Amino acid sequence: MGSGIGRASRSFHRLAYGAARALNKVCIAAVLTLLLPLATHAETFSIAALGDSLTQGYGLPQEQGFVPQLEGWLREQGHDVRVINAGVSGDTTAGGLSRVGWTLTPEVRGMIVALGGNDLLRGIDPANSRANLRGILEAAREADVQVLLVGLQAPGNYGPDFKADFDSMYPELADEFGTHYVPSFLAGLTDGIAESEAMGRFMQPDGLHPNADGVARIVATLGPEVETLIDRIEAASQD
């Protein structure tokens, strides 16, 4: 009887061991099934913000500038995206062109181009600005990087021809290169309020750069456009 019990016990252990192994495999397969979609969407990529003092965050603590606020806004919307601050105060389109090559590092999949304000302040020929912006967009195309081009409207004090040439270069280049386009970086400042009120509430004392609240309004308006850029990046990665 003792030997019969021993054989039964050994058989039971073999069955239990086999069942445990089978259950283990089922559990591992179930875990992998759950984790695979997460791994597929876990890739973090970067968007470079190539611009001037508005992008750089002039006059503000680092965490209140455009890039940190935009990155925070995007993460709140569920986007696992890093935004790189490639803004240099005082930069022109020529400066942006000179450094776009080392801005487009391998992890950069998208780029916000917001340049031209300092060209305008210096009265640089719009033909030169257009050529510089074209060079930036060509570099992005060669690197297979999607672009959001942010435009700017010139005042009339340089004459109607200058204004027409300057204003038209952004939408025309966006059309030529097939980039996403937004007419103005500062559009969110005056949404729903008078320009004079916006100047008092959302600008720094210099009257040229937004304060932290102004940046937040800019991000709230520009953020959905950056989401469109992200959609284009993800679509391009599936081609």
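Summary of computed values
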read-out: Residues of region 57-87 classified as over 14 Å from T44 (Cα atoms) and of a type in the set (A, V, I, L, M), total; value: 4
read-out: Qualifying residues in region 41-62 (those that are at pLDDT 95 or above and in a helix (DSSP H, G or I)) - the one farthest from the chain's Cα centre (by Cα); value: S53
read-out: Matching residues in region 189-239 - criterion: being over 17 Å from the mean Cα position of the chain (by Cα), in a helix (DSSP H, G or I) and crowded, with 19+ Cβ neighbours inside 10 Å; value: L189, A198, F202, G214
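The values are calculated or read from the model by the stated rules, or taken from the named source; none is laboratory data. What you see is a predicted model, and the numbers here were worked out from it, not measured in a lab. For neighbour counting, all protein chains shown are included, and Cβ atoms are generated from backbone atoms with ideal geometry for every residue, glycine included.
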